[in-house]
Amino acid sequence: MNIYLTILWVLYIIIAVVVAVFVVWSVFKSNKLTDKITGAVMLIMLLLRIFMIK
């Protein structure tokens, strides 16, 4: 049972990192200030999830 939880935890972190990379890419590509602010807020929430700080 413990191995399954570890596998799920690793997959969760990998998915969060991939989404965070796409958010950063989107923020740098965007020219609108509102998109950059929204991306920054999303990135903060994703980083807190990646580092397991809820």
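The values are calculated or read from the model by the stated rules, or taken from the named source; none is laboratory data. Keep in mind that this is a model prediction, so the values were computed, not measured. Note: accessible area is taken over every heavy atom of the protein model, side chains too, but ligands, DNA and RNA are not part of it. Shrake-Rupley method; radii C 1.70, N 1.55, O 1.52, S 1.80 Å.
Nonpolar atom fraction for the chain, defined as the carbon and sulfur part of the 1.4 Å probe accessible area, stands at 79 percent. The ratio of the alpha-carbon radius of gyration of the range 1-42 to the globular-protein estimate 2.2 N^0.38 Å is 1.61. Per-residue ellipticity at 222 nm computed for the chain from its helices equals -30000 deg cm²/dmol, with DSSP H segments shorter than 4 residues left out and the rest contributing -39,500 (n - 2.57). Per residue, the chain exposes 86 Å² of solvent-accessible protein surface, assessed with a 1.4 angstrom probe and all protein chains in place.
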